[in-house]
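Down below is the structure, laid out as structure tokens.
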Amino acid sequence: MKIKSVKINSSSDFKSELKLSNNKILNFAILISILFAIPGLIGTYTRFKTIGLSSLVLYQFILLFLLILIYLLRNKTSFRFRFISYVSLLTIFLFSYVFNVGMLGYWSLHIVFISLIISVFYEKKYAFVVLSLLTVMVLAAAYLFYNKYLGIKFDIITYLSSYNIWLVMIVTFLYISIVTIFIVGKQREFFTSSVEQLNIAKESALISEKKFKNIFNSSSNSIVISDFEGKILEVNKTLLNFIGISEEELKNKTVRDFVLPEYYTIINEKANSLVDNQLSSHIEIAVKTSQNQVVPLEVNTILIDYENQKAVFSVLHDISERKKLEQKILSTIIQTEERERSRFAKELHDGVGPLLSATKIYAKALHSCENEEERLYTIMKLNDTVNEAIISAQEIANNLSPHVLRNFGIKGAIESFFLKINKTSKIMFDFHTNIDYRLDENIETTLYRVLVELINNSIKYSKANLITIVLIAIDGSISMNYSDNGVGFDLETTIKNNTGMGLSNIISRIKSLNGKINMQSDIDKGIEVDVKIAI
């Protein structure tokens, strides 16, 4: 099996070039005929004056006039019309000459010449047909002359001894020779050039095919070429190794022999859409290897020309690691949500729950108060517990969805969080931002949660006294840099072992926005986090 990586000129291109070449050659032949017809006409007129060939002058003049007319209209008429007209005029002049001088002269050259140009421009069978017809017509003319039905109306001796006759004969000979040499020579040049171009194209195709074959087989991605029925036409070595099958075993196999059945429909749909619009497309499927291992793949396909037929060129990329990462991110998100729910439940249970219980107790005690002083004290306690329950509920609600973030945006929410922290901690904040407008709600919430998580980690674990945050919008993206001057930690081990700090949660939050995050930390070097999110 061969990969056709270079497309050689098609037969339609060659025919178009041949037609253009024939057009030029025919126009030149008509022009040469005009140039030689002028002295021919002069010679014929001289003969008319000396030996009385009056009819030839008229035919020669008509021939010259029509040749000039055909040449002037060459850009407005078809090749076929000009060719038939040219051959017809030559034939008419041939027989006008035959009927005037009988079997004398150069009529045989005309027959050969007419047959030659037909065979050059058209198939040789047409030349043989015309040759046969002309031969029959000349033989008929000879029969008519032989049996005295036609006669020569001039002095043959004077005709044969005239210098003008020989001059016309030489001119005619030169005319036919020059046109013949030019036509055959130009056709030879055209076909020689075409053969050379074809050889160059073939050599280029072989070189390109070899290069493509090397790239094809050395690609780290699996590649398969198939027809629209799913029959496998060609694969590279990477795919053979991936599937765990030999090239011999792959013969007569189809794509369906490896793809899981649930993906048949989507493969057919993509193949049909590829035929309709010839655009590249990609899908995700799963295949089964020879070891019965199911592997998810991303498949990018494009329509190509392969050994004179349309085929599907597919590049297969193993996305097992990506799927594992997506599953890990999803799992992290679910765990985070469950942790948030647990924290919310704990805060309700440990914070609001006892206050509500105390409120209930004070409400019951209010009915059993024996005097006004005891009743007023109970009412005061009841108010205190209700107020405390309200404050606790507000704090819980603010932790779930900070009202400052909703009302004033990311800048106001971060500054408000700093004020809250400064009441309970001596840590300093250095905050810089050029964002004084609202961002997308998801971006604001994600950045706020990430910053809160990082700040809480710095307060709990880093022993830092300075946190620096730079949050800027530039070139259609949001960039955030977070750093502290704390004791730092082994980042790789912490993430791998998932030992607290919520780093996986931070990464998953940024990834959920298709953002990029880079963390750096080491013992005694604090932490630095760079985040970039497109907006």
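Values computed for the structure shown
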item	result
Inter-label distance for F429 and Y146, nm, one decimal - labels placed 7 Å from Cα along Cα-to-Cβ	12.4
Per DSSP, loop chymotrypsin sites (Phe, Trp or Tyr not before Pro) in the range 412-453 with at most 12 further Cβ within 10 Å	Y437
Sequence-distant residues sharing a close amide H with M428 (under 5 Å, placed H)	L466, I467
Heavy-atom accessible area per residue - the range 419-535, 1.4 Å, Å²	56
Rounded percent of accessible protein surface that carbon and sulfur make up, the range 428-535, 1.4 Å probe	47
Cα gyration tensor shape of the range 444-500, rounded if a/c is under 1.5, else prolate or oblate by comparing a/b with b/c	prolate
Accessible-area order (highest first, 1.4 angstrom probe) of the listed residues Y306, Y126, Y143, Y149	Y149, Y143, Y126, Y306
Area accessible to solvent at D384, 1.4 Å probe radius, in Å²	80
Heavy-atom SASA rank of M169, M428, M480 (probe 1.4 Å, accessible area, largest first)	M428, M169, M480
Accessible area (Å², 1.4 Å probe, nearest 10) - T180	30
Principal axes of the range 210-255: Cα extent on each, largest first, Å	27, 22, 16
Accessible surface of K231 - all protein chains present, 1.4 Å probe, nearest 10 Å²	90
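The values are calculated or read from the model by the stated rules, or taken from the named source; none is laboratory data. Remember, it's a predicted structure, so these values are computed and weren't measured experimentally. Every residue, glycine among them, receives a Cβ derived from its backbone with ideal geometry; neighbour counts consider all protein chains shown. Ligands, DNA and RNA are stripped out before the accessible areas are found, and what is left, the full protein with its side chains, is counted by its heavy atoms. Shrake-Rupley method; radii C 1.70, N 1.55, O 1.52, S 1.80 Å.
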